[in-house]
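Single-structure report; data block below.
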């Protein structure tokens, strides 16, 4: 893999990280509206960095927050961080 490809994958991962952060922020605003706040799954996007990967990953806010606290990416089952 060339340095250009690695830079592109890293930029893709950073963008998806930001998109997922916005999903999280929006979900937090709706948390009090749900019948059981914090238990409803939300659709995040896999952050593996593979070109064109847009696999949805269903996580509760607590699951998403635990990944971020552990400095772990959101990954679809079977996907690995590429860079």
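Look at residue 21 and say whether it is at pLDDT 90 or above, outside any loop (DSSP other than H, G, I, E, B), over 9 Å from the mean Cα position of the chain (by Cα) and surrounded by fewer than 18 Cβ atoms within 10 Å (Cβ to Cβ). Spelling it out, it is not the case that residue 21 is at pLDDT 90 or above, outside any loop (DSSP other than H, G, I, E, B), over 9 Å from the mean Cα position of the chain (by Cα) and surrounded by fewer than 18 Cβ atoms within 10 Å (Cβ to Cβ).
Which residue is surrounded by the most Cβ atoms within 10 Å (Cβ to Cβ), if the candidates are limited to the stretch 61-83 and must be modelled with pLDDT under 95 and part of a loop (DSSP other than H, G, I, E, B)? Only one residue tops the list, namely 82. Can you tell me which residue is modelled with the lowest pLDDT among those in the stretch 25-58 that are surrounded by fewer than 17 Cβ atoms within 10 Å (Cβ to Cβ) and either touching a helix residue (DSSP H, G or I) at 6+ places or on another chain (Cβ under 6 Å) or at positive phi (or both)? Step by step, filter the stretch 25-58, then rank; the result is 37.
The values are calculated or read from the model by the stated rules, or taken from the named source; none is laboratory data. Here the structure is a predicted model, which means the values were calculated and not measured. Every residue, glycine among them, receives a Cβ derived from its backbone with ideal geometry; neighbour counts consider all protein chains shown.
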